[in-house]
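Read the structure below first, then the notes.
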Amino acid sequence: MHKPHPDLNLEQDPRYVADVTGKEGLESGIAVSFNPATGEPIAGVRLDTAESYEQTIRESQEAFKRWRSVPAPVRGEVVRNIGNEMRRLLGPLGEIESMEVGKIRAEGIGEVQETVDIADYAVGLSRMVGGRTVPSERPQHRMMEQWLPLGLVGVITAFNFPNAVWGWNAMLAAICGDITIWKPSLLAPLTAMATNAVADRVATQMGHPGVFRLVIGTDEEIGERMIADRRLPLISATGSCNMGRHVGQVVAGRLGKCLLELGGNNAVIVDKDADLDLAAKSTVFGSVGTAGQRCTSSRRLIAHKDIADDLVGRMARAYKTIKIGDPLEEGTLVGPVIGQRTVDAFTNAVEQAKAQGGEVLVGGNVAKPEGLGGWFVEPTIIKAPASNELPIAMEETFAPILYVFTFDSIDEAIDMQNSVDQGLSSAIFAGSVNTTEKFLNVDGSGSDCGLAYVNLGTSGAEIGGAFGGEKDTGGGREAGSDSWKAYMRRQTCTINFGNELRLAQGIRFE
Ligand code: NAD
């Protein structure tokens, strides 16, 4: 049985419960974290209550008054040290993630690396966040924008990125002068505890306690309280479209700001002149990586009818060599899915696809790697009927299923790619610049997604760009570019340095 690495100091955390015998239900006040590879409990975490939540918020309001007065580049120094400590603990933090959510070791470590990267980025940003000076229409007047700390930022995260999504938010929020209050998924509370403890320990040692807070609890007790709380001007929520629809409405109801990062239903278009080897390799990673549990996983393959069989044949051969098993074991490429809920969703989707005329080309079954009692499914490829009608493919099933469609013209392929409710990630493999430019068309007639890749798969974003999606994906943007603006408030300042009253629009009032 896997146990958390001692360097994470989890056992010293008062929330940590090593022996969870008889504490399976949340009514015990403890969330038990299970290893999805073995189905065994790892440890438990004491849940927050309404009272402890209240105390956290009150302390955070005090911490905000101190932190907002720290110069931004000095906040950047704190973030630099957090990034360095994450770098030092890359292995143990990646491992706890593998244990809790089933990511293979390389992907667990890769996720922590994303937090290191965004920390580096935020350090630079701490000397750059600033506004513009705008020409005033009035003589002896100056107009300028300044960006101010926002306050307490509520960060709600999904189970599948239990470290980096917090990092994208918290590292930017920190240099902006905000306090982050993180509510992680109850499926990955240990990763959250270990991650937050690194940031809190470093900040506290540098004289800034209380900048990174964690509240762990049920959606009813803590989640609902948090999204309705007017003391949190921004809620950044990552998860399913259903969750986002609810969170968005509650936050809008109190006129708060919301940053939503929701589900995707991402397609890869492969034209007949594409490099098929590159397209096959990228799409295999995109669809089976993280056992199909990335918001950016490739779920639909839209292939030109002349090359579809060849492409799918190459992919099918690759699928057959993929080792499914313990995510911490060398050579494993596909670990478990998060739990029985996902196994059921997978089985149900495969059955529906068959009933709708889909043909299972590869996989389609629950998997049972030897010696592991957890939750595994086979990476699966399902071919849509010649009509391209396959309603189940319009939904995001959070499992490694790739549906294959065919097209004749690139316009038809783009229409198919845009035909789903979500708009997160999209990709095209093609040899002709005319085709790829159609996909990226500046008139907006190409991909309708927040992310568009050319000769690259749908998953694997870099932190330097703004990350997020359109339509039911929620419209939020995190990480690079100007995403930092979500964590600050803008003030337009006008200064009269003359002695006369001059009104805008030339109005005379004498
Ligand atoms: P989920 O919607 O079940 O839960 C996400 C988070 O929302 C959890 O922390 C959960 O506790 C919280 N939550 C749920 N109801 C709430 C409520 N009423 N009030 C407050 N908080 C509430 O999602 P999941 O199964 O953990 O994650 C998978 C989903 O997340 C997929 O749809 C995936 O595409 C999406 N996702 C999106 C992104 C992105 O950046 N767009 C990234 C990762 C995951």
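The values are calculated or read from the model by the stated rules, or taken from the named source; none is laboratory data. Everything quoted here is computed from the prediction, not taken from an experiment. As a convention, Cβ positions derive from the backbone with ideal geometry for all residues, glycine included, and neighbour counts pool all protein chains shown. The accessibility values were calculated without ligands, DNA or RNA, using every heavy atom of the protein model including side chains. Shrake-Rupley method; radii C 1.70, N 1.55, O 1.52, S 1.80 Å.
Mind listing whichever residues of segment 467-487 are small (Gly, Ala, Ser) and assigned to a strand (DSSP E or B)?
Ala479
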Restricting segment 297-329 to residues that are in contact with a helix residue (DSSP H, G or I) (Cβ under 8 Å, 6 or more places away or on another chain) and part of a loop (DSSP other than H, G, I, E, B), the one surrounded by the fewest Cβ atoms within 10 Å (Cβ to Cβ) turns out to be Ile322
When segment 18-39 is checked residue by residue, the ones that are small (Gly, Ala, Ser) and assigned to a loop (DSSP other than H, G, I, E, B) are Ala18, Gly22, Gly25, Gly29, Ala37, Gly39
Within segment 144-186, residues closer than 11 Å to Tyr487 by Cβ, assigned to a helix (DSSP H, G or I) and away from the ligand (no atom under 12 Å from the Cβ) come out as Ala170, Met171, Leu172, Ala173, Ala174, Ile175
Going through segment 108-138 in order, the residues found to be under 30 Å from Arg75 (Cα atoms), surrounded by fewer than 19 Cβ atoms within 10 Å (Cβ to Cβ) and among the hydroxyl-bearing types (Ser, Thr, Tyr) are Thr133
Considering every residue within segment 100-107, establish whether at least one is open to solvent by 10 Å² or more (accessible area, probe 1.4 Å), touching a His at 6+ places or on another chain (Cβ under 8 Å) and not assigned by TED's automatic domain parsing to the domain that holds Arg294. no
Scanning segment 277-287 for residues that are open to solvent by 10 Å² or more (accessible area, probe 1.4 Å) and either β-branched (Val, Ile, Thr) or touching a residue at least 60 places away in the same chain (Cβ under 8 Å) (or both) gives Leu278, Ser282, Val284, Phe285
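If only one of Thr204, Thr195 is among the hydroxyl-bearing types (Ser, Thr, Tyr), under 18 Å from Leu47 (Cα atoms) and either surrounded by 21 or more Cβ atoms within 10 Å (Cβ to Cβ) or more than 16 Å from the ligand (Cβ to nearest atom) (or both), which one is it?
The unique qualifying residue is Thr195.
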By residue number, the members of segment 216-248 that are more than 26 Å from Thr296 (Cβ to Cβ), within 8 Å of the ligand (Cβ to nearest atom) and open to solvent by 50 Å² or more (accessible area, probe 1.4 Å) are Glu220, Glu224
| message | Can you find a residue that is touching a strand residue (DSSP E or B) at 6+ places or on another chain (Cβ under 6 Å), more than 7 Å from the ligand (Cβ to nearest atom), in a loop (DSSP other than H, G, I, E, B) and open to solvent by less than 10 Å² (accessible area, probe 1.4 Å) anywhere in segment 249-267? | response | yes
Per the filter on segment 332-372, residues open to solvent by 60 Å² or more (accessible area, probe 1.4 Å) and part of a loop (DSSP other than H, G, I, E, B) are Leu333, Asn365, Lys368, Glu370, Gly371
Reported set for segment 147-202 where residues are farther than 23 Å from Gly29 by Cα and either of a type in the set (Ser, Thr, Tyr) or within 14 Å of the chain's Cα centre (by Cα) (or both) is Asn160, Phe161, Asn163, Ala164, Val165, Trp166, Gly167, Trp168, Asn169, Ala170, Thr180
Ser69 vs (1) surrounded by 19 or more Cβ atoms within 10 Å (Cβ to Cβ); (2) in the same structural domain as Asp482 (by TED's automatic domain parsing): all pass except (1)
